[in-house]
Amino acid sequence: MRWSSLLGLVLVLCTGAPARAGDEPVMGGKTVGEWIAILQDRGRSTKERYQAVNALRYLGPAAASAVPCLIQVVDEPRTGDTKVDKDNEWFRIEAIHVLGRIGQAAR
């Protein structure tokens, strides 16, 4: 595991257990919807997207609303840019792990 992804996971986990904002679970001060928006925004830094995928993984079944976004991440086409494709491959793998962590709600 890369240090940057490990750091992102630690930052997310150190914020405490998931809370709820209205009807939406919150992790690290952001709702599931906000984490989804960060993960979808290809203009965001890789670090921010790592934090988003780690937050969604930690939330597990509470992040069921992220399933369509995670499927999009898995289906993202290759760009031909080695760096971008390497990062996207990592996000694909992580999205699959998050879908597994979400469980039955991902079906």
Provide the packing ranking of 97-105, 23-31, i.e. peptides ordered by the mean count of other C-beta atoms within 10 Å per residue, highest first.
-> 23-31, 97-105
Convex hull over the Cα atoms of the stretch 17-77, averaged projected area in nm²?
-> 4.0 nm²
Between D23 and W90, 0.36 nm times their residue separation minus their Cα-Cα distance comes to what?
-> 21.1 nm
Would you mind checking which residues have amide H under 5 Å from V26's amide H? H placed 1.01 Å from N; only 5 or more apart, or other chain.
-> A19, R20, A21
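Rule-based calculations on the coordinates, nothing more; no lab input. Quick caveat, the model's predicted, so the values are computed rather than measured. Quick reminder, even Gly has a Cβ in these numbers, built from the backbone with ideal geometry, and neighbours come from all protein chains shown.
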